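Heads up, the thing below is written out as structure tokens.
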């Protein structure tokens with residue numbers, strides 16, 4: 001088996017995204033092996049659940065691309081009721097529903113790649129699901145277990161603690177927090193699934209899951225070492241390695257750091273295993289059919305687009321009469337297109353019920369869309385992202401679904417706003433919690449992502465909470481950092497009242513000119529602009545610097561509507577905030593003539 005180059009398009013050398021396929025009411029992404037000499041081994045990725053899955057999405061894609069270059073095909077997929085899969089109301093079958101998806105995905109991988117042996121790569125809860133499904137599969141050559149769940153009960157307790165930390169970090173009001181069940185980052189685990197997870201323990205394993213296993217252990221988790229020992233006792237040949245950078249990977253999709261040492265360990269281990277059984281490709285293998293799912297009100301097609309199929313997205317169309325413009329949903333930071341709490345999926349399908357089509361997609365180097373060679377690894381707020389939006393609008397035009405309304409949150413709101421300025425096919429924009437309206441290229445993006453302070457109002461509200469005093473007494477608050485953050489928030493508050501003087505400073509003149517010019521341009525074009533902000537969102541500081549704390553500076557723009565969403569966090573996790581967002585987006589899209 002020889003090393004192969006990554007697939008690329010004829011124009012810019014950008015690698016192609018994995019090919020989507022539909023099966024068992026879900027979407028999978030198949031990455032073919034490159035070259036004529038390929039391995040008789042395919043890799044099936046079995047994902048974790050919840051926030052961990054969101055953080056891991058890009059890492060899975062990177063490893064799949066690496067394996068493809070080594071002549072090894074792979075498939076990754078969503079469990080029913082998660083990601084881009086169809087929704088499901090009946091989970092009475094419990095965890096077996098997700099087991100079935102693993103089995104179906106393994107069959108798809110074998111059919112599309114021609115492989116006779118499979119290596120399963122699983123992380124977190126995915127290890128539990130993989131261990132259950134492996135008993136129903138033939139030809140399992142190896143198992144890669146990353147940060148395995150070694151106790152179902154302990155895992156669910158950890159999820160509840162993790163969920164509270166996420167809710168607290170986002171500043172979600174208690175009345176909008178889940179009172180029961182396993183809910184993290186707005187994603188609720190079905191109770192029937194949780195009930196089966198509680199029963200899991202490595203002690204229930206009676207035979208080795210695979211002849212060869214790689215276990216990536218977290219140094220502070222003795223259970224990981226015990227799990228590896230259990231596999232050895234069952235007769236598996238086990239390689240152990242440390243999962244370096246686990247916490248930096250799974251804490252936040254926006255700041256997730258790809259663990260390069262783990263990446264190399266996994267790819268090298270699989271490549272060595274696969275090298276024992278090379279095969280020469282004698283005939284073309286079947287290509288996946290169009291990846292189409294049907295729901296009660298919609299038809300969704302997962303597709304590749306852009307030069308050489310470099311981008312991944314999902315076009316959602318109504319089954320009934322089409323109304324208004326097509327909504328282009330621009331993703332936030334490094335969240336996958338399905339969105340925080342599956343907000344992208346839910347929004348697209350709710351819009352389709354109103355007759356409104358939509359396209360959600362991953363920009364280059366985000367989630368399932370590979371990077372463009374030559375661009376920096378940090379793509380957020382980079383001007384090249386506008387090329388990705390333009391490619392998405394091209395797809396909408398090819399499908400005869402113009403005009404377009406763009407929408408996004410935070411960095412996605414910024415990209416939606418700037419793209420509307422550049423493309424006349426976009427005739428409306430809904431920006432949710434934009435951090436800025438113009439990004440100074442001299443500004444350090446990584447530093448801004450690591451340090452996103454709250455507004456002074458948010459700090460004041462938290463200081464009055466008994467929970468804050470309890471955390472302070474327990475030593476769970478970094479007092480020095482909190483003081484610094486509050487000081488900066490106070491400085492921004494003072495800056496609001498000194499707005500005319502602030503604009504006169506040399507470093508702010510360019511910002512002022514760019515922002516004012518942008519709003520004038522959209523006003524002259526008559527493009528409706530809706531600005532939605534969560535109360536106390538940090539983006540309000542930039543807004544106030546440009547338009548005043550009372551939004552008086554917007555009065556000259558008759559095309560702009562400004563709304564504060566009470567009780568909402570930055571991610572619009574509470575349901576009332578999401579409904580307000582949907583109503584605004586639906587109204588702007590519906591008002592536009594699809595025949596224009």
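Cα axis of helix 575-591 to longest principal axis of the chain: angle in degrees, 0 to 90, nearest 10?
70
Quick check on the chain: of the DSSP beta bridges with both residues there, what percent are antiparallel, nearest 5%?
Restricted to the chain, the bridges split so that about 40 percent are antiparallel.
Could you grab the relative contact order for the chain? Cα pairs under 8 Å, six or more apart, rounded to a whole percent.
13
For the chain, take the longest principal axis of its alpha carbons; what is the angle in degrees between that and the long axis of helix 152-170, to the nearest 10 within 0 to 90?
20
Less than 15 Å from a label point 7 Å out along the Cα-to-Cβ axis of residue 353: which backbone N atoms in the stretch 320-335 qualify, by residue?
Within reach of a label on residue 353, which here means backbone N under 15 Å from a point 7 Å along Cα→Cβ, the stretch 320-335 contributes 320.
Relative contact order of the stretch 151-267: what whole-number percent is it, with Cα pairs under 8 angstrom and at least 6 residues apart?
20
Counting other beta carbons within 10 Å of each Cβ, put 161, 396 in order, fewest first.
Arranged by neighbour count, lowest to highest, 161, 396 become 161, 396.
Please identify which residues in the stretch 123-162 have an amide N closer than 18 Å to a label point set 7 Å out from the Cα of residue 207, following the Cα→Cβ vector.
Within reach of a label on residue 207: 130-143.
For the pair residue 272 and residue 525, how long in nm is the line joining their label points, each one 7 Å along Cα→Cβ?
For the pair residue 272/residue 525, the computed spacing is 5.5 nm.
Within 10 Å, count the other beta carbons around each residue, average over each peptide in 292-304, 39-51, 552-564, and list them highest first.
With the highest mean Cβ count within 10 Å placed first, the list reads 39-51, 292-304, 552-564.
Which order, highest average first, do 246-253, 233-240 follow once you tally other Cβ atoms within 10 Å for each residue and take the mean per peptide?
Top of the packing list down: 246-253, 233-240.
Would you mind getting me the FRET efficiency between residue 263 and residue 237? Use the beta-carbon distance for r and R0 = 30 Å, nearest 0.05.
0.85
Efficiency by 1/(1 + (r/R0)^6): what FRET value for residue 587 and residue 103, r their Cβ-Cβ distance, R0 = 35 Å, to the nearest 0.05?
Once rounded, the FRET efficiency stands at 0.20.
For a label point 7 angstrom out from the Cα of residue 294 toward its Cβ, which stretches of the stretch 314-342 have the backbone nitrogen within less than 19 Å?
Inside the label zone: 315-322.
If you average the C-alpha positions of the stretch 137-185 and of the stretch 336-384 separately, how far apart do those two centres end up, in angstrom?
Taking the Cα centre of each part, the stretch 137-185 and the stretch 336-384 sit 24 Å apart.
Tell me, Kirkwood radius of the stretch 1-133 from alpha-carbon pair distances, in Å?
Answer for the stretch 1-133: a Kirkwood hydrodynamic radius of 15.2 Å.
Where does helix 506-525 land angle-wise versus the long Cα axis of the chain, in degrees 0 to 90, nearest 10?
It is inclined by approximately 90 degrees.
Mind jotting down the distance between the C-alpha centroids of the stretch 253-321 and the stretch 60-88, whole Å?
5
Please give the calculated 222 nm ellipticity per residue for the chain, where each DSSP H segment of at least 4 residues contributes -39500 (n - 2.57) and the sum is spread over every residue; nearest 500 deg cm²/dmol?
-12500 deg cm²/dmol
Which FRET efficiency value, to the nearest 0.05, is calculated for residue 561 and residue 157 with the Förster distance at 51 angstrom and r the Cβ-Cβ distance?
The pair residue 561/residue 157 has a calculated efficiency of 0.70.
Would you mind classifying the chain by shape? Square roots of the alpha carbon gyration tensor eigenvalues, ordered a ≥ b ≥ c; an a/c under 1.5 is rounded, otherwise it is prolate if a/b is larger than b/c and oblate if not.
prolate
Just so you know, all these numbers are worked out from the coordinates, no wet-lab data involved. Small disclaimer: the values here were computed from a predicted structure and weren't measured. Every residue, glycine among them, receives a Cβ derived from its backbone with ideal geometry; neighbour counts consider all protein chains shown.
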